[in-house]
Amino acid sequence: MILFLCFTFELAFKGSSFSYLYRLIRFIYFGGLFAVGFLYFLYLCGLRNFSVFSLAYGGADIFSPFANDYHQFAYFVAPLPFIGLFIFGKERRKIVKFLSLLCILLCIKIGLATTSSTLVSSWAISAFLFCTLKVLEFLNKLNRSRSIILAFFCLILIIFIFNYESFLTLISNFFKGDSNGENRLVIWSNAIKAWGYSPIVGLGPGSFSGTKVFFGYEAHNTFLQILTQGGILGGTAYILLISKLTKSISVNVYILCAVIALVIYGLGINDLRRTVLWFYYILFYFLNLKGEEEKSEGTTVNTVIKPALRAKKSIN
């Protein structure tokens, strides 16, 4: 089913223009947050059901509208802050810029309502990466020397040293901040033990971890889940996929950090069965691809037209 949907997404996006894909991602951002924001308002008002659908996960105080697994909903929210920043930088209308920033705040508030420590960790790491890349981009535009860039990294190291307790708290929350976190190390170690039974080709479809080896639970880590199912061959294929994706979108810091947020989220849960994840991956890939194609076509046109105009003026 996932493979069929991936081919469907690819077929739909491959023949689309950058402007169409941008309008699509803008619709997902504003339309999705408007709909979810309305449900979140009902949730804050004390409602836990909307019609026959639940707004909470398993009766707990966890916001997860229309989703039996709050991770499925969190995957939808994870890249949205960076998409909002992308729209903010792309749009010229001030009202759209203002709404994009407002929706980022709403998105963060909604994400925190899922109580997912994995989501918070993925946002924190991706936001740090985003700030670092934007500063380096700014320094490169100013043609600063390598010594300035080295000083910047030294500053980051100093900040890390003096705020190490905050980073340790973030790591601690990743393992203890939710119901899945408490057993993550045990589940991961048992996944590695299960992988040892068939390290090359894996054990095939299924879940082979848990509080004991072969206890029937997922590894709660995408890479370890792939290793247990597909072995080194499957793990290598996954690394190549992520490397190809991140390399192709590396020119766009906003989309790159959106993808990194999804990848990091996958370190705390198995994400390969999440339809929304594959939708985002394929959409981001073609969004960047079409954008680069349009830029190259525009450069080619300018290279041909401008000399011709200069030659015409000289003749006249």
Failed condition for Thr115, given (1) in contact (Cβ under 8 Å) with a residue 24 or more places away in the chain; (2) open to solvent by 50 Å² or more (accessible area, probe 1.4 Å); (3) out of contact with any Asp or Glu (no Cβ under 8 Å at 6 or more places or on another chain), with all others met? (3)
How many of the residues making up segment 220-232 are farther than 13 Å from Gly196 by Cβ and not polar (S, T, N, Q)? 4
Would a scan of segment 25-37 turn up a residue that is open to solvent by 80 Å² or more (accessible area, probe 1.4 Å), more than 12 Å from Leu283 (Cα to Cα) and among the hydrophobic types (A, V, I, L, M, F, W, C)? yes
May I ask you to list the residues in segment 193-228 that are aromatic (Phe, Trp, Tyr) and either surrounded by fewer than 16 Cβ atoms within 10 Å (Cβ to Cβ) or part of a loop (DSSP other than H, G, I, E, B) (or both)? Tyr197, Phe208, Phe214, Phe215
When only residues in segment 87-112 that are open to solvent by less than 60 Å² (accessible area, probe 1.4 Å) and in contact (Cβ under 8 Å) with a residue 60 or more places away in the chain count, which is nearest to Phe63 (Cα to Cα)? Ile110
Ser250 versus (1) in a helix (DSSP H, G or I); (2) open to solvent by 10 Å² or more (accessible area, probe 1.4 Å); (3) not β-branched (Val, Ile, Thr): which is the lone unmet condition? (1)
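The values are calculated or read from the model by the stated rules, or taken from the named source; none is laboratory data. Note that the coordinates shown come from a computational prediction; the quantities given were computed from them, not determined experimentally. Every residue, glycine among them, receives a Cβ derived from its backbone with ideal geometry; neighbour counts consider all protein chains shown. For the accessible areas, the whole protein counts, side chains as well, though only heavy atoms, and no ligand, DNA or RNA atoms are used. Shrake-Rupley method; radii C 1.70, N 1.55, O 1.52, S 1.80 Å.
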